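The values are calculated or read from the model by the stated rules, or taken from the named source; none is laboratory data. Since the model is a prediction, treat every value here as computed from it, not as a measurement. Reconstructed Cβ throughout: ideal geometry from the backbone, glycine too, with neighbour counts over all protein chains shown.
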């Protein structure tokens, strides 16, 4: 694999933190929602992993764009978009919701924030849910306003995140429960801070409103973070895979339904609400799913970068493909996520993994998250 | 600006030609529609420019994803999505169509292909029109099937493109008129080939159906192209700007309406058909637009890469920003595209351009495409 550069243009949007991220030595980006997401700094992914598990990190996750749905029909529209029942949701809550299309194919898996009675934010993965929501709304003639507000999430992740944010925003931050948010003051502005984030090490996401405040916020957190050994960081591939955190576009796509993605618990079974794809999903449930996302632990020394999926075999039959995979310094073997066909998805099933260095490695199916 | 790498993952989709592109020495990519678009090879952009104007190039433009709309309501749906009247469109034709949202904001500018009476392809720029089209269709309850078919455009651009393709697909290719397409045989498959492409040097786009045929097609064109001095290439920034070819996300966004983008000729004025955003567009037309895309020629030696827009001033007032800009070896000055406020958009108006090397340069407003 040739290492290639990313050619920059206005279309690949910068964030309020991109200047800072460059100043702090970013070495690699990816693109999510037409926006830069830092993916590597000077620390290698293993150093970064241990740091994240012990200290605290500052992540530019502005690419988690917010789709704001506001108006009398806001709840109606969002309820149409997800099999998860949101009718009892309270203001100040976050909910992880699968979004599916008319064929029950996954088109995103955002975190939904209820900001007010008729106002929601969808904090999205990589697809233009703004267009999906607007298309449905235009077609149905709903009374909602849908837009992408001037909001740029900054994540503070790691075990010292709470102490750090308490030193900046006050002790009240400690009262915010997991998947809840509160409003906190920053230079005279009210900012939403949620206890959430794309790691299993604990932490917060600041939904900064106001592009121009970005560098100020970065600097404020950075200065206060020095005594907590803060580092610039990004979603860590080792930690995410170990934690069984899936990535839309990587580990599942619109070809997959939520039941295959272990999201059954977020799919209402009763007919308490109607949603797009309901009939298709019911049919899939009746017929039973044909594959499911599992963990695989596989040996043979650290595997190469999983830029292309690694095929998974049983007795020369391909039974899946590892879509995210990396060496775990904790488990001291490689770990990966893979859709696995039904006949082979049992825990402890022995399989073979063909990595891009042409090594056929021995692996074993595990549950998710990976066992401690 | 730090030069950063692009971190690869399955989410940034490879194309059927990516292995070839790597073998041929790609040095930079960008991401369009969640897919890799090669943006640089070993030749620099100026060498590449002269080559494109004299010879022929092979471009992997698979990222121009096709949104296929099929069924009894196909024309109805597409007509809802664009202010351009498509009712007289014939099979075998291509049409450039602006797509706008309910506020008349541009959300894409695809080329529409009429493949059959109830079957269209939208060959899209960088936004998930698949979700927009499906959302509208679900909301309105239309009788259409919408999907992203297994199609990967490969462009053959440059003055020798016709001779090259005639040597591969036969003399009949010469009869295909500009913005028309025909069906041609490739290894027993019927393939759509259009006279179109993202340059002003002439050429074709092969809408290859069948991922697995990709490398075979690349090799076939490459071998036949050797005697025409073929080179691997990509949309060339100098040639595109000189030709006044706009890029969605760079030169205009959903903040802009089609009238600002010089697309008035593609916006029906009579009420021959209804479309989303019609009222908003009529209101904008009545009130008059406030800015418009123009060319700017500016001096001071070759400008740096335009990764962030260059602000444009008149007497210290910012009147626009150059969103695509580069040195033209033909004009021997820099050229750029910029939205310019109404009071300043007259041809030959003198302006100042502040480039990212902190040089304030003198420029002049021109029409588009740039004068010969």
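When you check residue A:90 against the structure, is it more than 14 Å from chain B (Cβ to nearest Cβ), under 24 Å from residue A:264 (Cα atoms), surrounded by fewer than 24 Cβ atoms within 10 Å (Cβ to Cβ) and modelled with pLDDT of 95 or more, yes or no?
Against the criterion (more than 14 Å from chain B (Cβ to nearest Cβ), under 24 Å from residue A:264 (Cα atoms), surrounded by fewer than 24 Cβ atoms within 10 Å (Cβ to Cβ) and modelled with pLDDT of 95 or more), residue A:90 qualifies.
Residues in segment B:303-326 that are under 27 Å from the mean Cα position of the chain (by Cα) and either closer than 19 Å to residue B:107 by Cβ or loosely packed, with under 12 Cβ neighbours inside 10 Å (or both): B:323 only. For segment A:136-171, a tally of residues being over 19 Å from residue A:118 (Cα atoms) and either surrounded by 13 or more Cβ atoms within 10 Å (Cβ to Cβ) or touching a strand residue (DSSP E or B) at 6+ places or on another chain (Cβ under 7 Å) (or both) returns 19. Do you know which of the residues in segment A:235-246 that are assigned to a loop (DSSP other than H, G, I, E, B) and out of contact with any helix residue (DSSP H, G or I) (no Cβ under 7 Å at 6 or more places or on another chain) is nearest to residue A:60 (Cα to Cα)? Step by step, filter segment A:235-246, then rank; the result is A:235. Selection of segment B:35-73 for residues being more than 20 Å from residue A:9 (Cα to Cα) and in a helix (DSSP H, G or I) yields B:47, B:50, B:51, B:52, B:53, B:54.
Scan segment A:19-34 for residues that are in contact with a strand residue (DSSP E or B) (Cβ under 6 Å, 6 or more places away or on another chain) and either at the interface with chain B (Cβ under 7 Å from one of its Cβ atoms) or not in a loop (DSSP other than H, G, I, E, B) (or both) and the total you get is 8. Within segment B:155-180, residues that are over 17 Å from residue B:228 (Cα atoms) reach partners that are part of a loop (DSSP other than H, G, I, E, B) with beta carbons closer than 6 Å, at six or more positions or on different chains, in the pairs B:179/B:196; B:180/B:92. The number of residues in segment A:172-181 being buried (at least 18 other Cβ atoms within 10 Å of the Cβ) and in a helix (DSSP H, G or I) comes to 1. Based on this model, can you work out whether residue A:239 counts as away from every other protein chain (no Cβ under 14 Å) and surrounded by 15 or more Cβ atoms within 10 Å (Cβ to Cβ)? Judged against the criteria, residue A:239 is a match.
Within segment A:278-298, how many residues turn out to be part of a loop (DSSP other than H, G, I, E, B) and either on the phi > 0 side of the Ramachandran plot or buried (at least 19 other Cβ atoms within 10 Å of the Cβ) (or both)? Looking only at that region, the number is 1. Condition test on residue B:37, is it in the same structural domain as residue B:219 (by TED's automatic domain parsing), closer than 30 Å to residue B:264 by Cα and either at pLDDT below 95 or under 18 Å from the mean Cα position of the chain (by Cα) (or both)? Answer is yes for this residue.
What about residue A:275, is it assigned to a loop (DSSP other than H, G, I, E, B) and either out of contact with any helix residue (DSSP H, G or I) (no Cβ under 8 Å at 6 or more places or on another chain) or closer than 30 Å to residue A:76 by Cα (or both)? It is true that residue A:275 is assigned to a loop (DSSP other than H, G, I, E, B) and either out of contact with any helix residue (DSSP H, G or I) (no Cβ under 8 Å at 6 or more places or on another chain) or closer than 30 Å to residue A:76 by Cα (or both).
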